[in-house]
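The structure appears below as structure tokens.
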Amino acid sequence: MTSMGQTDDSSTRDEFWGQVGQVGARRGPLGDADEAGLWPGGSSGYVHVTTPHSGIAATDGLSAAGADGSSLGLEVYIEGRELVDGAEGEGRWLVTALEEAAGALAAAGPDAVTAALADHDLISLEISAGDAPADWVADGRLGLLLGVELPGRPQTIGSVRALSISPLRPSELAVVVAEGAAGRRRLAEALAAQGWYSYADSTRQPVL
């Protein structure tokens, strides 16, 4: 299997997030959607970070090396004002979306993730509706865009990618499905133009 950049050193992640905000306690998943046994290290973990204006839920160890030395080469995170108070508050839907996305990436495996990241700077996923508000859901699915950049936020943790997760409105997911890579890029540009960048918020209206 192809080996990507990897970090199983929690202090590296703590240093990264410590430059962004206040690093909170580590925790396990809220549910079982993250497929913990498929994570390269065999178990899953998450960390909560608070900034003056937002909260962040991030994977903690998704980039660890597996028994064969291969790695997914990335950690993923989701950020918004609804996460300031942690995983169990109004931002729970964002946390469960993060966990299912992590599970989907872990299940895809290093080869598929490596290829996706090599071919595209933005990738998209469809996950189950989970706890998402009804107006974000289409046919029982929630769309996610990974990799939208926030100005000034580093895109790597040590040698691994740090990818944001942006939930998509149904009309935005339809653009991605219809246009593929071009639609993902157009959507990212529209989020940036309206000042959202990678921030997730249940009140955000469609940008496309």
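Some values worked out for this structure:
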{"read-out": "Criterion: in contact with a Gly (Cβ under 8 Å, 6 or more places away or on another chain), surrounded by fewer than 17 Cβ atoms within 10 Å (Cβ to Cβ) and polar (S, T, N, Q) - qualifying residue of SER171, SER159", "value": "SER159"}
{"read-out": "Hits in the range 118-135 - residues which are open to solvent by less than 80 Å² (accessible area, probe 1.4 Å) and in a strand (DSSP E or B)", "value": "ILE123, SER124, LEU125, ILE127, SER128"}
{"read-out": "Test: residue in the range 160-179 that is among the small types (Gly, Ala, Ser), over 14 Å from the mean Cα position of the chain (by Cα), at pLDDT 95 or above and part of a loop (DSSP other than H, G, I, E, B)", "value": "no"}
{"read-out": "Flag for SER63 being in contact with a strand residue (DSSP E or B) (Cβ under 6 Å, 6 or more places away or on another chain) and either more than 19 Å from PRO154 (Cβ to Cβ) or assigned to a loop (DSSP other than H, G, I, E, B) (or both)", "value": "yes"}
{"read-out": "Counted residues, the range 34-80 - those being open to solvent by 20 Å² or more (accessible area, probe 1.4 Å), closer than 24 Å to GLY18 by Cα and not polar (S, T, N, Q)", "value": "6"}
{"read-out": "Unique residue being small (Gly, Ala, Ser) and modelled with pLDDT of 95 or more when the list is ALA118, ALA87, ALA101, ALA25", "value": "ALA101"}
{"read-out": "First in the range 142-155 and closer than 9 Å to SER198 by Cβ and touching a residue at least 24 places away in the same chain (Cβ under 8 Å), second anywhere and of a type in the set (Phe, Trp, Tyr) and in a strand (DSSP E or B), Cβ under 8 Å, 6 or more apart", "value": "LEU150/TYR199"}
{"read-out": "Residue match in the range 72-82 (condition: touching a Gly at 6+ places or on another chain (Cβ under 8 Å), in a helix (DSSP H, G or I) and either over 26 Å from ALA178 (Cβ atoms) or among the acidic types (Asp, Glu) (or both))", "value": "yes"}
{"read-out": "Hits in the range 86-115 (condition: surrounded by fewer than 16 Cβ atoms within 10 Å (Cβ to Cβ) and assigned to a helix (DSSP H, G or I))", "value": "ALA107, ASP111, ALA112, ALA115"}
{"read-out": "Conditions (1) more than 22 Å from ALA116 (Cα to Cα); (2) part of a loop (DSSP other than H, G, I, E, B); (3) at pLDDT below 95: number failed by VAL20", "value": "(3)"}
{"read-out": "Residue in the range 48-57 that is in a strand (DSSP E or B) and among the small types (Gly, Ala, Ser) present", "value": "yes"}
{"read-out": "Search result, residues across the range 183-208 that are small (Gly, Ala, Ser), within 23 Å of VAL76 (Cβ to Cβ) and surrounded by fewer than 14 Cβ atoms within 10 Å (Cβ to Cβ)", "value": "GLY195"}
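The values are calculated or read from the model by the stated rules, or taken from the named source; none is laboratory data. Bear in mind the structure is a predicted one, so any value in this text is a computation, not a measurement. Cβ coordinates were reconstructed from backbone atoms using ideal geometry, including for glycine residues, and neighbour counts include every protein chain displayed. Just so you know, the surface numbers come from the protein's heavy atoms only, side chains and all, with ligands and any DNA or RNA stripped out. Shrake-Rupley method; radii C 1.70, N 1.55, O 1.52, S 1.80 Å.
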